[in-house]
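Chemist: The following block contains the structure, expressed as structure tokens.
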């Protein structure tokens with residue numbers, strides 16, 4: 001019995017995972033592979049939280065015309081300290097895919113996927129929902145901007 005209690009207090013090991021996605025630039029038709037996170041573990045990769053709060057995660061630049069492009073990729077935000085895993089889906093899916101019915105279907109899929117892992121799961125549509133619901137809202141965004149500006153000043157100063 002002691003082992004079960006001890007095991008339950010240890011956060012699961014769900015590492016950050018990356019993959020590549022093929023991108024196509026509409027103006028110049030260039031094709032390239034861009035890296036994307038499939039899952040971010042904010043304990044092992046704390047800058048991922050900063051990238052989410054600043055909405056700089058999942059962007060790429062066309063290698064030909066240099067235009068920035070968002071990468072519309074589904075990913076999982078994992079905070080082992082809070083035992084929380086949130087699947088972040090594109091915001092347009094909620095509006096185009098059936099609203100609440102779409103949410104509950106995605107939520108059920110996620111629950112089944114992690115049914116053997118001791119974590120709380122949820123689904124959000126877009127970074128704004130993730131930030132508002134789980135990351136501290138506008139106060140957290142403000143602190144992230146301040147942190148980023150402080151880092152930039154330190155890098156510029158000799």
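The values are calculated or read from the model by the stated rules, or taken from the named source; none is laboratory data. Bear in mind the structure is a predicted one, so any value in this text is a computation, not a measurement. Here the Cβ is made from the backbone with ideal geometry for all residues, glycine too, and neighbour counts use every protein chain on show.
Chemist: Got at least one residue in the stretch 88-99 being surrounded by 12 or more Cβ atoms within 10 Å (Cβ to Cβ) and either under 23 Å from residue 147 (Cβ atoms) or at pLDDT 95 or above (or both)?
Modeler: Yes.
Chemist: Consider the stretch 10-51. How many of its residues are closer than 21 Å to residue 142 by Cα and in contact with a helix residue (DSSP H, G or I) (Cβ under 6 Å, 6 or more places away or on another chain)?
Modeler: Here the count works out to 2.
Chemist: Within the stretch 22-46, count every residue that is surrounded by fewer than 14 Cβ atoms within 10 Å (Cβ to Cβ) and not in a loop (DSSP other than H, G, I, E, B).
Modeler: 7
Chemist: Can you tell me which residue in the stretch 114-147 is modelled with the lowest pLDDT, limited to those that are assigned to a loop (DSSP other than H, G, I, E, B) and in contact with a strand residue (DSSP E or B) (Cβ under 7 Å, 6 or more places away or on another chain)?
Modeler: Looking only at the stretch 114-147, we keep the residues that are assigned to a loop (DSSP other than H, G, I, E, B), and these are 114-119, 126, 136.
From what is left, the residues that are in contact with a strand residue (DSSP E or B) (Cβ under 7 Å, 6 or more places away or on another chain) are 114, 119.
Details: 114: 89, 119: 92.
Filtering first and then ranking leaves 114.
Chemist: What number of residues in the stretch 138-150 are surrounded by 13 or more Cβ atoms within 10 Å (Cβ to Cβ) and closer than 22 Å to residue 81 by Cα?
Modeler: So the answer is 5.
Chemist: If we keep just the residues of the stretch 68-81 that are part of a loop (DSSP other than H, G, I, E, B) and in contact with a strand residue (DSSP E or B) (Cβ under 7 Å, 6 or more places away or on another chain), which is surrounded by the fewest Cβ atoms within 10 Å (Cβ to Cβ)?
Modeler: Restricting attention to the stretch 68-81, the residues satisfying the condition of being part of a loop (DSSP other than H, G, I, E, B) are 71-74, 80-81.
From the residues that got through so far, the ones that are in contact with a strand residue (DSSP E or B) (Cβ under 7 Å, 6 or more places away or on another chain) too are 71, 73-74, 80.
Numbers: 71: 15, 73: 16, 74: 13, 80: 17.
Here the answer is 74.
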